[in-house]
Amino acid sequence: MPPEKIDRERSWEGPEGHRFALEVLQLSLRRRMLQLVAGGVKDAGQIGEALKLSPSLAGYHLSMLEKALVIERFEEGWRATSTGRLFLEKVEGRA
């Protein structure tokens, strides 16, 4: 299935989905995590090391970003979804 179709099926739906995602992304640490994986697939260890987080804390924040549909598991790590990249471009002013 093409990535575009998957992302459309998993997009934010209604005001509840938008509100949840924005609450998740209020934390600057999570936005930094999103920026890291937008630069290429990273595993939880690489993300935790880059941000000086314990593995359990990194895992918790990654799961919140996944629930917000801005990152997804890919192979042996994490990558930004098209929704996550769009957030960085339009809201954070980064591509």
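The values are calculated or read from the model by the stated rules, or taken from the named source; none is laboratory data. Worth saying up front: this structure is predicted, and the values here are computed from it rather than measured. Here the Cβ is made from the backbone with ideal geometry for all residues, glycine too, and neighbour counts use every protein chain on show. With ligands, DNA and RNA removed, areas are computed over all heavy atoms of the protein, side chains included. Shrake-Rupley method; radii C 1.70, N 1.55, O 1.52, S 1.80 Å.
Summary table
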| quantity | calculated |
| --- | --- |
| Where a residue in segment 28-45 is without any contact (Cβ under 8 Å) to a residue 40 or more places away in the chain and its partner, wherever it lies, is of a type in the set (V, I, T) and open to solvent by less than 40 Å² (accessible area, probe 1.4 Å), with Cβ under 7 Å and at least six apart | R30/V24; M33/I47; L36/I47 |
| Count - residues of segment 49-90 that are hydrophobic (A, V, I, L, M, F, W, C), under 13 Å from V24 (Cβ atoms) and out of contact with any helix residue (DSSP H, G or I) (no Cβ under 9 Å at 6 or more places or on another chain) | 0 |
| Filtered residues of segment 47-86 (kept if under 14 Å from L36 (Cβ atoms), part of a helix (DSSP H, G or I) and in contact (Cβ under 8 Å) with a residue 40 or more places away in the chain) | L65, G84, R85 |
| Of all residues making up segment 15-37, the number that are within 16 Å of A80 (Cβ to Cβ) and open to solvent by 40 Å² or more (accessible area, probe 1.4 Å) | 4 |
| Leading residue by the ranking (modelled with the lowest pLDDT) among those in segment 1-46 that are more than 16 Å from E75 (Cα to Cα), outside any helix (DSSP H, G or I) and of a type in the set (D, E, K, R) | R10 |
| Residue in segment 59-72 that is at pLDDT below 95 and open to solvent by 70 Å² or more (accessible area, probe 1.4 Å) present | yes |
